Each structure stands twice: as structure tokens, then as C-alpha cells.
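Everything on this sheet refers to the single structure shown next.
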Amino acid sequence: MTALYDYPKTALLKRVVPKTRIYDRVQASTALKDKFVAQVDQITWRAKLAPETINLAATKSVPEIQVFRVMLKTDAVQDDVLRAIDRAIPFPILFELEQASLNVGQIQIAAAHKRPSEADTAKWVLSDYLRSDWLPIDTPRSALPVALNLGVLYEQILTALMPIVPQTAESLSARMDRTHALKTKEREISQLKSRLKRETQFNIKMTLHGQLREAQADFEHLKKPE
């Protein structure tokens, strides 16, 4: 699954969102504004997934899901730019990031698990961002997953972005925790490989090889627990 969906016509909006509106909502610093200017060309509110647009019931944590298309000036966008948009909009957001590399259009889907704060329901808590691979802009889109309500739909959308095999009866929070652990383990493996390339002492290299094998085994277990 790619989380690249063909949204019903009833849900489509295609309204441009001025970057200044985001700045005002989050009281953006000069540094953050500079990142928007350098990385983002245009933000479009592409679709609204809500009871009145796709005929799925809202839940307390997912009253609506917004889809934002972000046209990029560069080949990537930093998480704090996406986080600013998320902070400005009081609903879960699915981002469609579009960029042209060597005149070939590409698209990437990104989202954080966004939920109301238990301490203050007027505020939202964001996880790290999940991202798909970059895909050709003409990649066929899939129909939205079948779901009983918007909460279940949101869970399925996020799960499609996770680099793990979901387990039966595993909660969304547990999946997010396992995804975070997987990314942490991936960084550890990369660091061990770099150390191995630089190391010249045989005994230290053997120790590092052992640590790398253990980390790789942990990585595979996190992807698909037995």
C-alpha cells in the first residue's frame, strides 16, 4: 500500500492556503518563515474527509481528516515545516508532497499520528512523521480503505505508511511505538556500519560485527515480530 488515494469528488476542495495564515496561527519565527519560503511553493487544501463528504461517522479523536497538497521548491521538506501546518489546523492531516526532480514529477505521502492531548483536549499531540517512498506523479491511486468510521480510516491510512507488518490486535499507539523503535534501530545499524568501515583493529572489528548482527536481528524482529 502507498497511501496514495483517489478521493471521492464530494471530498475535493482544491483551495489555496496562504502561507501567511500558517505563520499567524503558529506565531512562526523568522527562521521558520525562511524555511517555508525556501522549501514550499504552494499549499493547497485538496480534500476534506468528513461525515458530510464521505459518509463515515466522526469519532472523538478523528472528527475530520484533511488532505493538504504541498508543492515543493526543493527535493524535500523538513518535518518542522509540516509540523507548523499541523499545529495550525485542528484536525489530522495527510500530506501529499509534490516536487519535480530533473523535470520528472514525484509525490510522497507524509503524516504524523495526531491526537487530542489527554491533558488539554483543545491541543493536539503529534508523533514523528511517517513518509512513503517518492513515487512517480502518475502512480495509479487506490480507493480509500473500507472503514466503519473516520477513526478506523485514519488508522488504516497511517498503517499504510508504516514500514512494519501490523500484528493482530496491535493498537495504533503500539504500532507507532514499534515504528519509532525500528527507525532508532535503523540509525544504530547505519552508525555501526560507518564505524566498521573506519575501524582498523581486528578485535574491535569483530566486536562491531557482533553488535551489527544483533542490531540487524532486532531490526527484523521489529518489522515482523514472531
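The values are calculated or read from the model by the stated rules, or taken from the named source; none is laboratory data. None of the values given here were measured: they were computed from a predicted structure. Note that each Cβ is placed from the backbone with ideal geometry, even for glycine, and that neighbours are counted across all protein chains shown. Areas reflect the complete protein model, heavy atoms only, side chains present, ligands, DNA and RNA absent. Shrake-Rupley method; radii C 1.70, N 1.55, O 1.52, S 1.80 Å.
Rounded to the nearest 20, the Cβ-based charge dipole of the stretch 136-213 about its Cα centre (Lys and Arg +1, Asp and Glu -1) stands at 560 debye.
The share of alpha-carbon pairs in the chain lying farther apart than 30 Å comes to 33%. Comparing Cα centroids, the stretch 55-82 and the stretch 179-196 end up 28 angstrom apart.
A 1.4 Å probe, protein heavy atoms only, puts the accessible area of ASP79 near 60 Å².
Each of LEU148, ALA110, ALA217 was placed along the dipole of the chain (beta-carbon charges, centred on the mean Cα), and the one lying farthest toward the positive end is ALA110. Among the lysines of the stretch 103-193, pairs at least eight places apart or on separate chains and with Cα atoms under 20 Å apart come to 4. What a 1.4 Å probe finds exposed on the stretch 9-143 is 50% carbon and sulfur by accessible area, rounded to a whole percent. Between 0 and 90 degrees, the angle of helix 30-39 with respect to the longest Cα principal axis of the chain falls at about 90 degrees. Counting only Cβ charges, +1 for Lys and Arg and -1 for Asp and Glu, the dipole size of the stretch 44-111 around its Cα centre is about 140 debye. Only beta bridges with both residues in the chain are counted; by DSSP, about 75 percent of them are antiparallel.
Counting other C-beta atoms within 10 Å, and keeping those with at most 10, which DSSP coil GluC sites (Glu not before Pro) do you find in the stretch 88-172?
On the way: sites: GLU96, GLU98, GLU118, GLU155, GLU170; in loops: GLU118, GLU170.
Here the sparse-neighbourhood loop sites are GLU118.
Counting only lysines at least 8 places from LYS14 when in the same chain, those with an alpha carbon closer than 19 Å to its own are LYS48. In the complete set of protein chains, residue-level accessible area for LYS185 is approximately 40 Å², probe 1.4 angstrom.
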